[in-house]
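This report refers to the structure that appears directly beneath it.
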Amino acid sequence: MQPEQLKPIVEAALLASTQPMTIVQLKAIFGEEEEVGTDELKAALKALGADCQGRGVELVEVASGWRYQVRREVHGWVSRMWAEKPSRYSRALLETLALIAYRQPITRPEIEQIRGVVVSSNIIKTLEEREWIRVVGYRDVPGRPALFGTTRTFLDYFNLKSLDNLPPLSEIRDLDELNPQMRLEGDADGVPARVALPEGTDEAGPANEPPAGDDDIAAASHTADEAENPDGAAEEEDGAGQNPEESRA
């Protein structure tokens, strides 16, 4: 199949899909007689990405595949289409998520030891309901506490291809918003309105940085939370007023 025929088909498939599509999934829409190879699809995706220069959308690869998304530069205007305010998360939840992302696999008692406070069951429940974390195993110690790790959904939501793309902690401190992303629910074209990572993020990620210290992780999540909610509107309901024994239930 000629490139000029392949490009519009791939573009239409990505726009029609409600989820990112992998090379294998894109290849499956073609019949055997059409002889569309992996290299041809990669070339088409590269060409489509180049076509997005100067437009309000971009084509990016995340953990689950390829997708179109709204560019960061125009997100402020697009977000006005929805009256519903974006979700705000408490400092406790952001710290817990940061520790899991940078120190996984990690147990709840280990998170509590680093943060110095009890981790509310509501926090773990919220992160699991959002499919940002999951149980990846159990620590071989008395009580066999669950080991938590992040998911592919977490990577997709934060516009990451892999954990290696996690931004350095120094960069997180400089973010104006930790959670500026929003999906275009019900969009006819199925284009997720997600925001790219800040420019200059090294794809090598934390591998080029010294290991994140516990104080660094907590400080980064504190800073990000304050940037997202400078008035302190996000309450610590994710654990406030709970009996420690009840929160472990």
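The table for this structure:
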read-out: Hits in the stretch 16-27 (condition: out of contact with any strand residue (DSSP E or B) (no Cβ under 6 Å at 6 or more places or on another chain) and either surrounded by 12 or more Cβ atoms within 10 Å (Cβ to Cβ) or in contact (Cβ under 8 Å) with a residue 24 or more places away in the chain (or both)); value: 16, 17, 18, 19, 23, 25, 26, 27
read-out: Subset tally (residues that are buried (at least 17 other Cβ atoms within 10 Å of the Cβ) and more than 30 Å from residue 67 (Cβ to Cβ)) for the stretch 132-144; value: 0
read-out: Failed item in (1) buried (at least 17 other Cβ atoms within 10 Å of the Cβ); (2) part of a helix (DSSP H, G or I); (3) not hydrophobic (A, V, I, L, M, F, W, C), with residue 125 passing the rest; value: (1)
read-out: Unmet requirement for residue 112, which otherwise passes all of (1) in contact (Cβ under 8 Å) with a residue 40 or more places away in the chain; (2) surrounded by 14 or more Cβ atoms within 10 Å (Cβ to Cβ); value: (1)
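Conditions tested, residue by residue: (1) in contact with a helix residue (DSSP H, G or I) (Cβ under 9 Å, 6 or more places away or on another chain); (2) at pLDDT 50 or above; (3) assigned to a helix (DSSP H, G or I).
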| site | (1), (2), (3) |
| --- | --- |
| 111 | yes, yes, yes |
| 159 | yes, yes, no |
| 172 | yes, yes, yes |
| 176 | yes, no, no |
| 180 | yes, no, no |
| 193 | yes, no, no |
| 196 | yes, no, no |
| 203 | yes, no, no |
| 207 | yes, no, yes |
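The values are calculated or read from the model by the stated rules, or taken from the named source; none is laboratory data. Because the structure is predicted, anything quoted here is derived from the model rather than measured. In this analysis, Cβ positions are derived from the backbone assuming ideal geometry, glycine residues included, and neighbour counts consider all displayed protein chains.
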